[in-house]
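All remarks here apply to the structure that follows.
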Amino acid sequence: MAERINAWLREFDSVLQNEDIPAAVLLFQEEECFWRDLLSFTWNIYTAESRQEIRTMLEETLTNTKPSNWSIQGEAEELEDAEGLYIQAFVRFETEKARCRGLVKLRGDKCWCLFTTMVELKGFEEPAGRRREIGVQHGSVKGRKSWLQKRIEEEEALGKSKQPYVLIVGGGQGGIMLGARLRRLQVPTIIVDKRKRPGDSWRSRYKTLCLHDAVWYDHLPYLPFPDHWPVYSPKDKMGDWLEAYTKIMELVYWSSTECKSAAYDASTGTWEVHLDKEGKDVVLYPKQLVLATGMSGFPIVPTYPGSESFQGTQCHSSEYKGGEGWVGKHCVVVGSNNSAHDVCADLWENDAAEVTMVQRTSTLVVKAEIMLKVNELYQEGSKYSTEDADILFASVPYRIFHRPSILLYKKIKEWDAEFYSRLRESGFMLDFGEDESGLFPKYLRRGSGYYIDVGASELVINGEIKLKSGVTVKEIRPNSVVFSDGTETKADLIVYATGYGSMNEWVAKLISEEVADKVGKCWGLGSDTRKDPGPWERELRNMWKPTRQEALWFQGGNLHQSRHYSLMLALQLKARMEGIPTPVFGLAEVHHTR
Ligand SMILES: Cc1cc2nc3c(=O)[nH]c(=O)nc-3n(C[C@H](O)[C@H](O)[C@H](O)COP(=O)(O)OP(=O)(O)OC[C@H]3O[C@@H](n4cnc5c(N)ncnc54)[C@H](O)[C@@H]3O)c2cc1C
């Protein structure tokens with residue numbers, strides 16, 4: 001197997017050295033082939049989806065890239081999917097500017113999927129391992145400064161006598177991970193967050209929340225969770241970890257600092273960013289602006305007739321603090337996805353008199369323990385390191401991502417048939433995505449529409465959580481909610497678990513509506529499924545890659561994505577700071593504004 005991959009690599013290396021693009025293209029399968037590239041050729045996140053597209057990509061990128069030294073890394077593996085057998089192996093190679101890795105998948109002697117990714121810039125390697133700092137100045141030196149003095153001086157200078165190269169707005173996990181990458185790459189960076197302490201974006205959520213993803217999937221760069229860490233992190237523990245990480249990684253983090261506005265001056269290539277830092281106006285002039293303000297950061301609150309007359313409490317799920325105050329009360333939760341289930345269960349645990357969940361459209365439900373069982377890459381004792389697992393995960397082009405997922409969900413539906421049938425019998429409208437491909441494709445397409453079941457489904461099934469499904473809220477009265485089927489439910493509390501808007505809403509708010517529409521929507525693949533209108537985009541809109549607004553970037557996603565793609569974003573920023581040419585191939589068109 002390894003020899004087959006080596007033979008392919010030798011051939012590929014040789015034709016690329018000779019800039020023989022037609023010959024390179026012939027090394028890919030004719031009927032179906034993909035090349036997903038993270039920066040190494042395209043300085044973009046881009047997938048070529050046919051021989052013709054690979055040809056175009058190479059025609060525009062090969063001369064600048066100068067790839068060489070392709071070699072296999074580790075063992076080759078043989079695997080099987082619905083289309084038959086294929087073999088795969090990790091590879092490494094270099095370009096003129098960077099060291100890179102990848103994954104080759106061959107069917108027969110042709111490449112079916114090639115994945116390539118930059119991992120470090122030549123000459124700007126992170127100071128890790130043998131390159132680490134000495135930390136001490138041995139000998140006797142007059143007036144020497146301690147680590148602490150230098151650290152304080154640096155913190156005091158940045159943003160005053162020295163401008164940051166990068167300003168990250170939003171210091172949740174996304175901003176923090178990117179900050180850590182940039183720190184290691186010696187890119188002067190300030191992270192600002194309006195909350196009081198790093199980690200507060202988790203702490204501020206309702207009391208009983210635990211992460212829905214398991215620990216092996218959630219590691220932060222450079223500093224994995226210790227091996228006693230619980231499988232599902234409680235949110236306050238996660239908050240504390242993020243705060244400690246911020247300190248350990250020596251990030252310059254301005255808490256209680258809200259970004260009020262930002263404007264780009266194209267003539268100087270500089271942003272002017274206005275901040276409210278603990279009540280004082282501060283202006284920064286970074287070269288690059290990253291919005292890490294959260295996919296779950298711009299609450300959508302529907303307006304219903306009569307809502308202003310409601311005499312109880314109404315809030316979005318992001319403002320819900322917990323069920324303690326609602327003992328013996330009637331509570332209505334609008335929505336049926338993750339937050340809605342969590343809030344309903346929390347109210348039930350706190351002895352609310354009645355909890356009603358309002359389900360307008362169907363929801364995907366999958367049990368957390370099943371998610372754990374099927375996540376083979378990120379497991380206790382997995383044969384793959386986190387970095388390798390991230391490469392394997394990223395190596396599947398989004399165009400075909402749903403295929404293995406459909407097969408997987410076929411099995412899940414069988415394993416949990418009894419559970420799903422009881423859930424349906426309770427009146428719950430269930431789906432597995434329009435093409436039955438399950439959770440992750442739905443997450444990529446629309447970032448919503450699912451519940452990872454950590455127990456609330458059983459409460460729905462046994463009627464402890466009352467379900468109003470297939471209806472909408474028609475009207476809100478002073479003490480009740482009226483539904484579209486004419487029924488009415490008493491209410492002291494209404495929680496809108498109705499989701500979040502696209503991240504470019506933040507652009508409209510902080511920069512301008514014009515720039516928001518210029519960059520277009522964030523997230524989504526254009527799969528032409530519900531809430532993800534086409535055309536097909538190949539990659540997630542705007543995330544971690546160049547946008548239509550120079551020097552404006554978006555960072556975010558779940559812990560896994562923020563970990564992996566923060567490296568991509570950090571390398572792009574570092575390259576720009578160092579003046580390395582970064583010709584972008586395949587800058588995405590904008591098809592949807594907000
Ligand atoms: C109930 C629930 C459960 C979840 N479970 C998981 C899970 O198990 N695993 C997982 O990976 N994800 C989970 N998520 C998704 C989770 O929201 C994101 O993964 C995570 O919060 C994203 O981090 P982020 O840094 O991108 O955004 P956020 O955590 O939302 O951080 C954004 C930050 O930006 C700051 N900010 C916004 N505007 C400004 C401004 N103008 N100036 C300064 N600061 C600003 C905010 O204060 C905030 O701290 C869950 C979400 C919810 C709602």
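What follows is calculated from the coordinates using simple rules that are stated; it is not laboratory data. What you see is a predicted model; the values in this text were computed from it and never measured. Positions of Cβ are backbone-derived with ideal geometry, glycine not excepted, and every protein chain shown enters the neighbour counts.
Numbers for the structure displayed
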item: DSSP bridge pairs, the chain: antiparallel proportion in percent, nearest 5; result: 55 percent
item: Taking R403, R183, R445 and counting other C-beta atoms within 10 Å, the order from fewest to most; result: R403, R183, R445
item: Sum of side-chain charges, V473 neighbourhood, beta-carbon under 13 Å (Lys, Arg +1; Asp, Glu -1); result: +1
item: Cα-only Debye scattering, region 296-381: base-10 log of I(q)/I(0) at q = 0.14 Å⁻¹; result: -0.62
item: Anchor K122: lysines whose Cα lies under 21 Å away (excluding residues fewer than 8 positions away in-chain); result: K66, K97, K545, K574
item: Estimated Rh, region 226-383: Kirkwood, alpha-carbon pairs, angstrom; result: 20.5 Å
item: Restricting region 108-179 to GluC sites (Glu not before Pro) in coil, as DSSP defines it, with at most 15 other Cβ within 10 Å; result: E125, E133
item: P(r) of region 450-527 over all Cα-Cα pairs, binned every 10 Å from zero, in whole percent; result: 14, 27, 25, 26, 8
item: Local electrostatic count at W544 - Lys and Arg +1, Asp and Glu -1, tallied over other residues with Cβ under 12 Å; result: +3
item: Using alpha carbons only: equivalent-ellipsoid semi-axes of region 307-496, gyration tensor based, whole Å; result: 35, 17, 16
item: Measure of compaction for the chain (Cα Rg per 2.2 N^0.38 Å); result: 1.02
item: Inter-part distance where region 1-23 and region 44-108 are each reduced to a Cα centre, Å; result: 10 Å
item: The chain: DSSP helices with Cα axial extent of at least 18 Å and average Kyte-Doolittle hydropathy no lower than -0.5; result: 2-17, 559-577
item: Cα-based equivalent ellipsoid of region 163-308: semi-axis lengths in Å, sorted from largest, via gyration tensor; result: 27, 23, 13
item: 25 Å Cα-Cα reach of K145 towards lysines, excluding residues that sit fewer than 8 places from it in its own chain; result: K160, K162, K247
item: Among beta bridges that DSSP assigns inside region 307-496, antiparallel share in %, nearest 5; result: 25 percent
item: Calculated [θ] (222 nm, deg cm²/dmol) that DSSP helices of n ≥ 4 give over the chain, each run adding -39,500 (n - 2.57); result: -9000 deg cm²/dmol
item: Dipole of region 307-496, positive end: most advanced residue of A389, A345, V473 [Cβ charges, Cα centre]; result: V473
item: Pairwise centroid distance, computed over Cα atoms, of region 515-531 with region 412-431, Å; result: 31 Å
item: Neighbourhood net charge (11 Å Cβ-Cβ; Lys/Arg +1, Asp/Glu -1) for D517; result: +2
item: Region 2-121 - Rg and Dmax from Cα coordinates, angstrom; result: 13.1, 38
item: Reachable aspartates and glutamates, given that their alpha-carbon falls under 16 Å from the alpha-carbon of K110 and they are not under 8 places away in the same chain; result: E3, E11, D13, E30, E31, E32, E49, E77, E78, E80, E83
item: Region 113-146 and region 280-333: distance between their alpha carbon centers, rounded to Å; result: 42 Å
item: Interchain or long-range residues, amide H under 5 Å from S469's placed H; result: Q359
item: 5 angstrom amide H check on A491, placed H, neighbours 5+ away; result: S480, V481
